[in-house]
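Participant: Pasting in a structure now, in structure tokens, and then I'll have a few things to ask.
The values are calculated or read from the model by the stated rules, or taken from the named source; none is laboratory data. All values reported here derive from a predicted model rather than from experimental measurement. Positions of Cβ are generated from backbone atoms using ideal geometry, with glycine treated the same way; all protein chains shown enter the neighbour counts. The protein model used for the area step is the full one, side chains on, heavy atoms only, and it has no ligands, DNA or RNA in it. Shrake-Rupley method; radii C 1.70, N 1.55, O 1.52, S 1.80 Å.
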Amino acid sequence: MRIDILTLFPEMFQSVLGSAIFKRASDRKLVKIVVHNIRDYTHDKHRTVDDYPFGGGAGMVLKPEPIFEAVEAAKAGAYPGEEDGDLPVILLTPQGRLFSQRIAQELSGKSRLILICGHYEGVDERIREHLATDEISLGDYVLSGGELAAMVVIDAVVRLVPGVLGSAASPVDDSHAAGLLEYPQYTRPPVFRGWAVPEVLLSGNHALIAGWRREQALIRTLERRPELLAKTNLTPAEERFIENYKNSSCKR
Ligand code: ADE
């Protein structure tokens with residue numbers, strides 16, 4: 001997978017891209033990340049990337065020309081035979097669709113991604129209409145730019161690329177991977193300040209442990225994020241477990 005990031009602040013990505021997960025992904029030649037400075041695609045003496053909004057109003061708007069040129073330069077590095085239509089060009093913006101594990105999974109299956117980090121008060125609407133194929137928001141709050149959002153997106157996506165994580169099984173159990181929050185985890189010591197690890201985890205019985213973990217994931221999701229349960233495929237036995245749990249916790 002190749003990810004091109006277009007930003008006015010390329011230095012912001014240095015520490016994140018130097019972290020273990022991205023190093024491993026690039027050492028194993030599984031992911032290549034190319035950061036482009038949008039300012040490098042300007043042609044005037046002042047390297048102008050923004051301008052006043054037509055019609056007036058506060059703040060500055062990112063100009064279309066450097067961003068179109070940067071995307072075109074990134075696309076020029078496409079793999080042979082790759083169609084333009086296959087190449088997601090994602091604008092990070094609070095107006096986009098809400099990022100989720102499902103979207104991370106969808107993006108991790110692509111061979112290429114181009115991410116555009118917006119800044120200032122906004123971007124020229126022609127970038128939305130004629131360049132971006134997708135818009136993603138991290139949540140209903142406003143960041144000062146798309147950079148932090150892009151870092152979150154690439155982190156969530158890259159760890160799902162097969163071979164990037166040490167253990168192939170680990171992303172499967174992640175919170176949200178199967179629509180549920182993850183079960184509680186414990187490590188040594190078995191008793192810490194009088195608090196013991198649940199006995200089942202020390203039993204060595206893998207079927208029992210798997211059953212306990214599934215139940216705990218169901219309980220945790222029910223208690224913290226009940227709206228997620230409605231969207232998850234549960235077996236009839238799991239549905240009954242939830243009903244029994246709800247009834248017993250009502251009586252308590
Ligand atoms: N840029 C500014 N705020 C943002 C948000 N909430 N999500 C994605 N990009 C953004």
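Participant: State in Å² the accessible area per residue of segment 175-251; use a 1.4 Å probe, count heavy atoms of protein chains only, and round to the nearest integer.
Facilitator: Per-residue value: 72 Å².
Participant: Grab the chain and count how many Lys pairs have their alpha-carbon atoms under 23 Å apart, sequence gap of 8 or more, or different chains.
Facilitator: Qualifying lysine pairs in the chain: 10.
Participant: Take the alpha carbon atoms of segment 175-251, find their radius of gyration, then divide it by 2.2 N^0.38 Å using N residues; give the quotient.
Facilitator: 1.20
Participant: Accessible area, 1.4 Å probe, largest first: how do 50, 155 sort?
Facilitator: So the residues, ranked largest to smallest area, are 155, 50.
Participant: Separate question: If amide hydrogens are placed 1.01 Å from N in the peptide plane, which non-local residues have theirs closer than 5 Å to the one on residue 5?
Facilitator: HN-HN under 5 Å from residue 5: 34, 35, 36, 115.
Participant: Moving on. Within the accessible area of the chain, what % is carbon and sulfur when the probe is 1.4 Å and the other protein chains stay in place?
Facilitator: The nonpolar share, carbon plus sulfur, comes to 53 percent.
Participant: Testing the spin-label approximation: label points 7 Å from Cα along Cα→Cβ at residue 54 and residue 240. State their distance in nm.
Facilitator: 6.6 nm
Participant: Sort the following peptides by mean Cβ neighbour count (other Cβ atoms within 10 Å, averaged over residues), highest first: 191-203, 30-42.
Facilitator: Sorting 191-203, 30-42 by mean packing, highest first, produces 30-42, 191-203.
Participant: So what is Rg over Rh here for the chain, counting just Cα atoms and using Kirkwood for Rh?
Facilitator: Rg divided by Rh gives 1.08.
Participant: I've got another one for you. Just how many % of Cα pairs in segment 119-235 lie over 16 Å apart, if you round to the nearest whole percent?
Facilitator: Of the Cα pairs, 75 percent sit more than 16 Å apart.
Participant: Something else now. For segment 1-143, what does the accessible surface come to per residue with a 1.4 Å probe? Please give it in Å².
Facilitator: 54 Å²
Participant: Right, here's the next one. Rank these residues by their accessible area, most exposed first, probe 1.4 Å: 235, 221.
Facilitator: 235, 221
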